[in-house]
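Everything below concerns the one structure shown next.
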Amino acid sequence: MSSRCDQTVAWGGLRGHWEAHGRDLDLRTLFAQDPGRFERWAIEAPHVFADLSRARWDVATGQHLLSLARECQLEARRDALLSGQPINHTEDRAVLHTALRAPKGQGPQSYAVHAVLDALLAYVEQVRATAGGTEPGCITDVVNIGIGGSDLGPQMVVQALDAWVHPKLRVHFISNVDGHDLAPLLRTLRPQHTLFIVASKTFTTQETMANAHAARQWFLDQGGTDIARHFVATTTNVEAARAFGISTTFGFWDWVGGRFSLWSAIGLPIALALGAKHFKALLAGAHAMDTHFAQAPLERNLPVWLGLMDLWNRNFHGHSSHCIAPYHQGLRRFPAFLQQLVMESNGKRVDAQGLPLPYATSDVVWGEAGTNGQHAFFQMLHQGTDVVPVEFVLVRRTAHRDEATWSPELRSLMARQHQALLANGLAQAQALMWGKTAQEAARETVPTASKVMAPDVLAQHRTFPGNRPSITLMLEQLTPEALGALVALYEHRTFVTGALWGINSFDQWGVELGKAMCKDLLPRLESGDTRGLDAATAGLLQRLKG
Ligand code: F6P
């Protein structure tokens, strides 16, 4: 089995198709030629409906891509992932985040997983039972101290599921080594009512340990007395947590990658916020997507199609980024979460044998919740010189936390706001695809337009090229189940893309060099020693010192 997709027969077919007409595919023509295009490119997966009809591909592209998937033995690679083979070959590790959400008794590692899950959920229910109480030890504020995968996933989920959060618990996330993250929060906390979670797979990460030490010092300074009760750890390094003075720890395993870890003990802040029932629902939603990924034929397998689209967009259309536009304010950290998931996983430059790849891998993932993004960067998406595919996430029904207490008038105003949100999302996808010709622009009367500029020149400024690709993912409601499925969908898609490219999506050596250099520079900031440093680093260090 070749690990290089460009060495397959199918790649040659795809290249021929690209050169013959793939590069010229025009969305408006494709829709005009095929009235069934929407249905053809609609895929139902658990909790997620996907409209892929506005990707710039056609039926022939799809056939070539499926051949590529088969020739790259995608199904065998998927099965190796799901069965716990050590596919993270640079670290000799299995990759088993799917085991974290499998029902008891199913799949690898079930006993270990459910032993921790049961203990964690029992602890969660105990904390929640007295949450908001006035007695010392009753918790009002949970502070998760972690970074990267020990922060982004839990933070994103707690924000997204605001409607399900315990009304008497505030859950905070502190990640940055910059004390401007922790300091303002400390002003609002009371030690006897605060629970700190030190979340770190390794329990050695500089930022997390710095914040954990500062939090512990603050706790003691404020007269806090029971560290064992007010600090817990979620980690694979239980000894280090004990050495820090934490006796309550929830463990996980080296086969859980940081960016795939929100389903493990790292999900403790989620479970505290939502409670056992809803945390289990999150896991169940993810498991439903795992089952779809494992069992649906390639032709109807949503993560597979999204991975194939990534390859088509990156290696053939040459798109260097894609934009995530969730039309739900609760999903405002979803783009940040996906940045780590996708770019830390697939930002790799060598194949399994360590040989440089001749094709591009991870693009840049970025984005912002709609409609805010429309008033910031959508100008560039519509009229800029780069084409950036957009992924719209629309949620059909709202889940407002305080709905029950609203007057009928307020309820109706909020319902109208939701319709406006959805209409905006639909409109942006439509505008990207259709664009506006110079003739159409010239026919319009626009009060704010220049009265002195020649009308045909003005029309050029007001022209939209169109034919700009997007996809739309739709959820019925942003419930714990649906969010679990959505996140698992993106996890599997990231795996598929990496598997097609023949890279290891599960290591992250690229973060090591900067960490090591930081270790060297930290004491130099005190001492001012610039020996052996390049001129730029030395010059800057001297200006920063003291
Ligand atoms: O940024 C590198 C990284 O190792 C991520 O992969 C990880 O999620 C993050 O640091 C935090 O690591 P830890 O959970 O060990 O503190």
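The values are calculated or read from the model by the stated rules, or taken from the named source; none is laboratory data. Because the structure is predicted, anything quoted here is derived from the model rather than measured. Reconstructed Cβ throughout: ideal geometry from the backbone, glycine too, with neighbour counts over all protein chains shown. For the accessible areas, the whole protein counts, side chains as well, though only heavy atoms, and no ligand, DNA or RNA atoms are used. Shrake-Rupley method; radii C 1.70, N 1.55, O 1.52, S 1.80 Å.
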- In region 163-191, which residues have a backbone nitrogen under 17 Å from the label point lying 7 Å from LEU544's Cα in the Cα-to-Cβ direction? 176-181
- Query: Tell me, what is a quarter of the convex hull surface for the C-alpha atoms of the chain, in nm² with one decimal?
  - Reply: 31.1 nm²
- Gain upon complete extension [LYS104, ASP221; 0.36 nm per residue less C-alpha separation]: 37.7 nm
- Message: Given a 1.4 angstrom probe, I'd like the percentage of the accessible area of the chain that is carbon and sulfur, rounded to a whole number.
- Response: 55 percent
- Distance from the Cα centre of region 72-113 to that of region 198-268, in angstrom? 26 Å
- Message: How many angstrom lie between the Cα centre of region 421-456 and the Cα centre of region 29-56?
- Response: 26 Å
- For region 76-153, take the alpha-carbon Rg, divide it by the Kirkwood Rh, and send me Rg/Rh. 1.13
- Note on the structure: Any residue on another chain or 5+ positions along whose placed amide H is under 5 Å from the amide H of GLY133 is listed here as ILE139
- Size of the dipole of region 1-160 about the Cα centre, Lys and Arg at +1 and Asp and Glu at -1 on the beta carbon, nothing else charged, in debye to 20? 320 debye
- Task: Would you mind computing, in nm to one decimal, how far apart the modelled labels at GLN460 and GLU239 are, each placed 7 Å from Cα along Cα→Cβ?
- Result: 7.1 nm
- Task: Find how much the distance from ALA210 to THR537 grows on full extension, using 0.36 nm per residue of separation minus their present alpha carbon separation; answer in nm with one decimal.
- Result: 115.3 nm
- Report the charge-dipole magnitude of the chain in Debye, nearest 20, computed about the Cα centre from +1 at each Lys and Arg Cβ and -1 at each Asp and Glu Cβ. 600 debye
- Message: I'd like the projected area of region 241-378, averaged over all directions, using the convex hull of its alpha carbons. Report it in nm² with one decimal.
- Response: 12.6 nm²
- Would you mind computing, in nm to one decimal, how far apart the modelled labels at VAL350 and ALA228 are, each placed 7 Å from Cα along Cα→Cβ? 4.8 nm
- Task: Work out, step by step, the length gained on full extension between ASP118 and ALA284: first 0.36 nm times the residue separation, then minus their alpha carbon distance; give nm to one decimal.
- Result: 58.3 nm
- Highest-first arrangement of 531-539, 127-135, where packing means the average Cβ count within 10 Å: 127-135, 531-539
- Message: Taking the Cα of GLN7, stepping 7 Å toward and past its beta carbon, and measuring to each backbone N in region 487-528: which are under 20 Å?
- Response: 497-505
- Message: What is the sum of charges, Lys and Arg at +1 and Asp and Glu at -1, for the other residues whose Cβ falls under 15 Å from the Cβ of GLU403?
- Response: +1
- Task: Nearest 5 is fine: what % of DSSP beta bridges in the chain come out antiparallel, could you say?
- Result: 25 percent
- Report Rg/Rh for region 97-280, rounded to two decimals, where Rg is the Cα radius of gyration and Rh the Kirkwood radius. 0.94
- With a length cut of 15 Å (Cα positions projected on each helix's long axis) and a Kyte-Doolittle mean of at least 0.5, go through the chain and give me the DSSP H helices that pass. 110-129, 480-501
- Message: With +1 assigned to the C-beta of every Lys and Arg and -1 to the C-beta of every Asp and Glu, and no other charges, what is the dipole magnitude of region 97-280 about the Cα centre in debye, to the nearest 20?
- Response: 400 debye
- Task: Would you mind computing the Rg to Rh ratio of region 302-384 from its alpha-carbon coordinates, Kirkwood style for Rh?
- Result: 1.02
- Message: What does the charge count around SER450 come to, taking other residues whose C-beta lies under 14 Å from its C-beta (Lys +1, Arg +1, Asp -1, Glu -1)?
- Response: 0
- Message: Under 8 Å for C-alpha pairs, at least 6 residues apart: give me the relative contact order for the chain, rounded to a whole percent.
- Response: 20 percent
- Between ASP34 and LEU426, what is the FRET efficiency for a Förster distance of 30 Å, r being their Cβ-Cβ separation, to the nearest 0.05? 0.90
- Message: If I model a spin label at ARG443 and THR291 as a point 7 Å from the Cα along the Cα→Cβ vector, what separation in nanometres do I get?
- Response: 5.2 nm
- Under a Cβ-Cβ cut-off of 15 Å, what is the net charge of the residues other than ASP118 that fall near it, where Lys and Arg count +1 and Asp and Glu count -1? +3
- For region 139-185 and region 497-537, distance of Cα centres in Å: 27 Å
